[in-house]
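Novice: Before I ask anything, here is the structure I am working with.
The values are calculated or read from the model by the stated rules, or taken from the named source; none is laboratory data. Model, not experiment: these values are computed from the prediction. Glycine also receives a Cβ, built like all others from the backbone with ideal geometry; neighbour counts cover every protein chain displayed. We work out accessible area using only protein heavy atoms, side chains counted, and drop any ligands, DNA or RNA first. Shrake-Rupley method; radii C 1.70, N 1.55, O 1.52, S 1.80 Å.
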Amino acid sequence: MKKIRPSEITPEHVYLSRRRFMTGTAKLLAGAALLAACGGVAPGAPEDEPTAGLPTQAPDATAFPPSEDAVEPATSEAPQTDELGNVWTPYQSVVGYNNYYEFSLLKDEVAELSKGFVTSPWTVEVGGLVSNPRTFDLDDLQAFEVEERVTRMRCVEAWSMVIPWLGFPLSRLLKEVEPTSKAKYVRFETVLDELQMPGLNQPFPWPYVEGLRLDEAMHDLTLLSTGLYGRDLRPQNGAPIRLVVPWKYGFKSLKSIVKIDLVEEMPTTFWAAGGGGEYGFWANVNPEVSHPRWSQATERLLGENQRVPTLFMNGYAEEVAELYDDLGSREWYY
């Protein structure tokens, strides 16, 4: 089978067109939120059954209502694969099975509830410990040369996708603002729009905030994505611009970014704000380090209806090992 490289994808249109709970939230609400985090453990599932509540079958792409936006893009060959031979996740699954709490805790509701979400005009404010703070609008972001990359996305809930992204390395944007010598971390913030996002009525520590260490953010694999499958990002996938960090669990790759700050101290993330310790700052994929309530040894390939072994660093260990002094330390994966 011929493997299609990312550079062989022809985009239709190159245009720049989340999670921790607050302490004290009722157990049922917390359980429901965990389930929506990125098929997790259902509310009340026994803690001695690590995979209880995880989907036993991959979502069927045909189960999602067909729409103009969910038509499978034409490709030169099917099925197409990544460099490890993993088949691309069906487009309908990618746009129809989404974690985006600002719209809904239920994955299959997000696409419908986000229809009409206004993503233009849009600005991304980049500041903090930088010499050249800037606010980028869509026209500014279009100046960055867009690449096509096929990467794996591993959710902390033990399911995964293979997605052909459009975007550019985050490092290119950060170099434009010139981080100072005091900058050690990068803090990202998602849009907060109560008029367009019905999920904001949930008692979570909004806005959705995530972070990376500066060297992680500057790594070439760390992408600011503006599209997928040769198309602009859909609202449910984080339009108009989102983060993609393929060696980390999916909750690190926040959507619909409006603010990026260079900071000296490790930022308090959405998941850490409520305490509890189930979703840590580093969140590097490691099959040998279980989630407190389920194993991370295997994952469900959406669209493939099979469970496969999870790869250390999601298969990107060779590229990112240099970032970590102690790969045997539990803290790097939790």
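Novice: List the residue pairs whose Cβ atoms are under 6 Å apart, where the first residue sits in the range 127-156 and is under 18 Å from Val258 (Cα atoms), the second is open to solvent by 60 Å² or more (accessible area, probe 1.4 Å) and in a strand (DSSP E or B), and the two are 6 or more positions apart or on different chains.
Specialist: Close Cβ pairs satisfying both conditions: Thr135/Thr123; Thr135/Glu125; Asp137/Thr123.
Novice: Follow-up question, since we're still on this one. Which pairs turn up if I take residues in the range 274-293 that are on the phi > 0 side of the Ramachandran plot and look for partners that are open to solvent by 30 Å² or more (accessible area, probe 1.4 Å) and at pLDDT 90 or above with beta carbon separation below 6 Å, at least 6 apart in sequence or on another chain?
Specialist: Nothing qualifies.
Novice: Of the residues Gly274, Gly211, only one is open to solvent by less than 20 Å² (accessible area, probe 1.4 Å), within 25 Å of Leu105 (Cβ to Cβ), in contact with a strand residue (DSSP E or B) (Cβ under 7 Å, 6 or more places away or on another chain) and not aliphatic (A, V, I, L, M); which?
Specialist: So the residue among Gly274, Gly211 that is open to solvent by less than 20 Å² (accessible area, probe 1.4 Å), within 25 Å of Leu105 (Cβ to Cβ), in contact with a strand residue (DSSP E or B) (Cβ under 7 Å, 6 or more places away or on another chain) and not aliphatic (A, V, I, L, M) is Gly211.
Novice: Does the range 166-177 contain any residue that is over 17 Å from Ala272 (Cβ atoms) and among the basic types (Lys, Arg)?
Specialist: Scanning the range 166-177, I find at least one residue that is over 17 Å from Ala272 (Cβ atoms) and among the basic types (Lys, Arg), so the answer is yes.
Novice: Which residues, taken from the range 299-311, are closer than 26 Å to Gly211 by Cα and in contact with a Ser or Thr (Cβ under 9 Å, 6 or more places away or on another chain)?
Specialist: Glu299, Thr310
Novice: Leu243: touching a Pro at 6+ places or on another chain (Cβ under 7 Å) and aliphatic (A, V, I, L, M), yes or no? So that I can check it myself, show each step before the final result.
Specialist: Values: touching a Pro at 6+ places or on another chain (Cβ under 7 Å): no; aliphatic (A, V, I, L, M): yes.
The answer is no for Leu243.
Novice: So, one more: Of all residues in the range 97-112 being aromatic (Phe, Trp, Tyr) and not in a strand (DSSP E or B), which is nearest to Gly315 (Cα to Cα)?
Specialist: Ranking the qualifying residues of the range 97-112, first place goes to Tyr97.
Novice: State which residue is surrounded by the fewest Cβ atoms within 10 Å (Cβ to Cβ) when the search covers only the range 313-334 and only residues that are farther than 30 Å from Gly96 by Cα and of a type in the set (A, V, I, L, M).
Specialist: Ala321
Novice: Something else about it: Take the range 218-236 and flag every residue that is out of contact with any Phe, Trp or Tyr (no Cβ under 8 Å at 6 or more places or on another chain) and either open to solvent by less than 10 Å² (accessible area, probe 1.4 Å) or at pLDDT below 95 (or both).
Specialist: Pass one, the range 218-236, residues out of contact with any Phe, Trp or Tyr (no Cβ under 8 Å at 6 or more places or on another chain): 218-220, 222, 230-231, 233-234.
Those that are out of contact with any Phe, Trp or Tyr (no Cβ under 8 Å at 6 or more places or on another chain) and either open to solvent by less than 10 Å² (accessible area, probe 1.4 Å) or at pLDDT below 95 (or both): Thr222, Gly230, Leu233.
Novice: Further question on the same structure: Which one of the conditions (1) open to solvent by less than 30 Å² (accessible area, probe 1.4 Å); (2) at pLDDT below 95; (3) under 18 Å from the mean Cα position of the chain (by Cα); (4) not polar (S, T, N, Q) does Leu254 fail to meet, given that it meets all the rest?
Specialist: It fails just one condition, (2).
Novice: Sticking with this one: Mind listing just one residue for me: the one in the range 177-208 that is over 21 Å from Gly238 (Cβ atoms) and surrounded by fewer than 19 Cβ atoms within 10 Å (Cβ to Cβ) and, of those, modelled with the lowest pLDDT?
Specialist: Pro203
Novice: Go through (1) under 25 Å from Leu311 (Cα atoms); (2) open to solvent by 50 Å² or more (accessible area, probe 1.4 Å) and name the single condition Arg172 misses.
Specialist: (1)
Novice: Taking the residues in the range 279-312 that are of a type in the set (A, V, I, L, M) and open to solvent by less than 10 Å² (accessible area, probe 1.4 Å) as candidates, determine which candidate is nearest to Ile163 (Cα to Cα).
Specialist: Leu302
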